[in-house]
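Working notes, structure below.
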Amino acid sequence: MTKREFYSELESLIGLEPGSIQGAEPLSGIAGWDSMEVLRFIALADEKLGEVASPEAIIACQTVADLANMFPAKIT
Amino acid sequence: MAGLTVPGAAIRGIASAVPKATQSVEDLARVFGAEEAEKIAQGTGVRVRRVGRAGLCCSDLCFAACDSLLKGLAWERGSIDALLFVSHSFDYPLPATSCILQHRLGLSQACAAFDVALGCSGYIYGLWIGAGLIAGGCKRVLLLAGEMASRMASPMDRSTVPLFGDAGTATALESAAQSRMHFELGTDGGGYRHLIIPAGTSTARVPHSAQTLARTVQADANTRSDEDLFMNGAEVFAFTLRQVPPLLSAVLKRAQWEKEDVDRFFLHQANQFILVHLARRMGLPLEKVPIVLENYGNTSSASIPLAMTHCAREMLASRKLKLVLAGFGVGLSWGACAVELGPIVAPALEEVP
């Protein structure tokens, strides 16, 4: 999966306009990024990447790009 | 673990009981606001929970279910060799609630009775222990599983109180030469902190005190005390995804079943979002994965038998079925059982005032 495809999946997940995520956005500034979205993100990574994301690693992420960088083998 | 197959034990009946009183999304709206309450309900799938009145114990619910079941089976009370009470909701810190239930149910004093302190996986562990007791010589075993889960959560904690409800169930096991039950079980105590009541009784690692009882705003912005349930939802979800798909695959392999052979997968009713995702991940049609927690919430060890009696009572009572049951959660602990059963006795739901 490319980073652009991953960002598109995130846009759908959070209900953002297509193309609105570029990667540098701080997660703390994204409306709707809450505990429920973290669960949905874990489900997304499981379904689309076959990876069970570590909640600790997710909490350590500062930006959207950090989320993508959790899966270097799956997101290029 | 290892998996293992226990020969010679059959499920003869299952009954459930819930409190008559309910709490709904509208009740939660009074605490969290209408928008937040609705958002939580959409995420969890829980719209109504059964919540016991003050003074109602889990043993009361299990008693009601068991009394109904024994009448339906027409089993002599003196014929019961063992009784297990699977719960974290004991009548007293001491003695074992199962002993009190032996007396209340009028069972023989030759009946062995003991408690098993497990939650989400508890029903599977209970079936495994019960089947093992029968393999060891018992003829009839009662498995009582339930929880007053609603009482474990702080009423001001949006991460827990909207999710949990109360229920008690009874399952009758009997020796049966041709029957087999297949099990896969496991434990990861390294995850114990993710679902925990951190403080409480005088013998606990952190004993009860005025400090442990005080409800304060926590790092997750929810208000609870150390004597309230804490759940790290994300860690529990990640654990579920790591353990449950391989668990289901392993028990199917042990039973030598394909997933298409199975009539129903009764999974612990943790949360609608988790159950829908698991079904999709395993390639299971949703009609084979009943989700009933809309009506009851997460009832811990009662959730699997409650789901069975809620939506499959007629099917259970009328024909032979291939079922996979799976419980996973607090401990962290997990277990699955593949069992062919039926027809069995499945009385109507008891509602306890």
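Each reported figure results from applying straightforward, stated rules to the coordinates on display, with no laboratory input. Owing to the predicted nature of the structure, the values given are computational and were not obtained by experimental measurement. Here the Cβ positions follow ideal geometry from the backbone for every residue, glycine too, while neighbour counts run over all protein chains shown.
A few remarks follow.
- For segment B:274-336, the list of trypsin sites (Lys or Arg not before Pro) that fall in a loop by DSSP and count at most 14 other C-beta atoms within 10 angstrom reads B:Arg319, B:Lys320.
- Reach of A:Lys3 by Cα under 17 Å, taken over aspartates and glutamates that are not fewer than 8 positions away in the same chain: A:Glu11, A:Glu17, A:Glu25, A:Asp46, A:Glu47, A:Glu51, A:Asp66
- For B:Ser179, the residues whose modelled amide H falls within less than 5 Å of its own, excluding neighbours fewer than 5 places apart on the same chain, are B:Gly8, B:Ala9.
- Sequence-distant lysines (8 or more away, or on other chains) whose Cα lies within less than 19 Å of B:Lys139: B:Lys71
- Within the same chain, lysines fewer than 8 places from B:Lys253 are excluded, and of the rest, those with a Cα less than 19 Å from its Cα are B:Lys288, B:Lys322.
- Stretch gain in nm, segment B:Lys259-B:Ala210, where the contour uses 0.36 nm per residue and the Cα spacing is subtracted: 12.5 nm
- Note that the protein assembly as shown shows a convex hull volume over its alpha carbon atoms of 145 Å³ per residue.
- For the segment B:87-97, counting C-beta atoms of other chains within 10 Å of every residue's C-beta and taking the mean gives 0.
- Here the residues B:Leu195, B:Leu56, B:Leu61, ranked from fewest to most Cβ neighbours within 10 Å of their Cβ, fall in the order B:Leu56, B:Leu195, B:Leu61.
- Viscosity 0.692 mPa s, 37 °C: Kirkwood-radius Stokes-Einstein D of segment B:188-273 over Cα pairs, µm²/s: 206 µm²/s
- Estimated Rh, segment A:3-69: Kirkwood, alpha-carbon pairs, angstrom: 11.8 Å
- Loop-located GluC sites (Glu not before Pro) in segment B:191-297 (DSSP state not H, G, I, E or B) with no more than 13 neighbouring Cβ atoms inside 10 Å: B:Glu258.
- Diagonalising the gyration tensor over the Cα atoms of chain B and scaling each eigenvalue by 5 before taking the square root yields semi-axes of 30, 24, 19 Å, largest first.
- Low-density loop positions, trypsin sites (Lys or Arg not before Pro), segment B:160-263 - DSSP coil, at most 12 other Cβ in 10 Å: B:Arg205
- Within 10 Å of each Cβ in B:233-241, the average number of Cβ atoms from other chains: 6
- If the segment from B:Arg281 to B:Ala29 were pulled out straight at 0.36 nm per residue, it would be longer than the present Cα-Cα gap by 87.4 nm.
- Spherically averaged projected area of segment B:25-69 from its Cα convex hull (nm²): 4.3 nm²
- From its DSSP helices (H runs of at least four residues, each -39,500 (n - 2.57)), chain A gives a residue-normalised ellipticity at 222 nm of -12500 deg cm²/dmol.
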